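For reference, the structure is listed below as structure tokens.
The values are calculated or read from the model by the stated rules, or taken from the named source; none is laboratory data. Keep in mind that this is a model prediction, so the values were computed, not measured. Cβ atoms come from the backbone with ideal geometry, glycine included; neighbour counts cover every protein chain shown. For accessibility, only protein heavy atoms count, side chains too; no ligands or nucleic acids. Shrake-Rupley method; radii C 1.70, N 1.55, O 1.52, S 1.80 Å.
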Amino acid sequence: MKAENKELRQQAREALKGKWGIAVGCYAVYVLFIVLTTVFSAGTEGGTNISVEILQLILGGSFSLGYSIFSLSLARGEEARFSQIFEGFRRFGTALGTYLLMTLFIILWALLLIIPGIIAALSYSQTFYVLADNKSIGAMEAIDASKKMMYGNKEQYFALILWFVLLIILSVLTLGIALFWIFPYMSVTLAKFYEDVKETEQHTDLTLIPLNQ
């Protein structure tokens, strides 16, 4: 890795200058989907509305891909559009398959112990960025590419996540309002991490496609 975490965070802040409005707005729409489906998944007697949970699982992949596309646009200084968070639905099947496979693999590893589950989540963390960059590959190819890219980079990524977890905890002092700025900041920083790994590590032979093509 060329860039340290503090450099990645600085780069993210620079990328967000003048774009905080659209970043916060798109994050609000993204999290609204998660919050609403989570709230409505609660049954009337403390049970669970299975149909809503299934809907959340089905749509989660498309939203994850769309938000990755949006975050990469911000990180690269390209034109970021509100409509990008819905672009994942154009590749609904691939996004769904990827989301389901990642969830399944992480759960299976977590069944062994918590730590293997965390390691698996770190290994798959770049998957949707790979999908955003390459419109021609499938779910397993993207997952495998992420695993290769994260080889030797998991510790730095984990440290980066922990830094933002601390910010999220401190957001309690703002009654959670600061989260609407923290999460976009985190998303762009993580996109910067992907960009740095892609440029400095030669673990994969995939030809990545720029977002504007």
Any idea what diffusion coefficient the stretch 78-196 gets from Stokes-Einstein, in µm²/s, Kirkwood Rh on alpha carbon pairs, 4 °C, 1.567 mPa s?
-> 82
Relative to the present Cα-Cα distance, how much length would full extension add between residue 103 and residue 169 at 0.36 nm per residue of separation?
-> 21.2 nm
Show which lysines lie in cross-link reach of residue 6 when reach means a straight Cα distance below 26 angstrom and same-chain residues fewer than eight apart are skipped.
-> 17, 19, 147, 148, 154, 192, 198
Sequence of 163, 181 when ordered by accessible area, the most exposed leading, probe 1.4 angstrom | 181, 163
Dipole size in debye (nearest 20) for the stretch 57-213 around its Cα centre, Lys and Arg Cβ +1, Asp and Glu Cβ -1?
-> 280
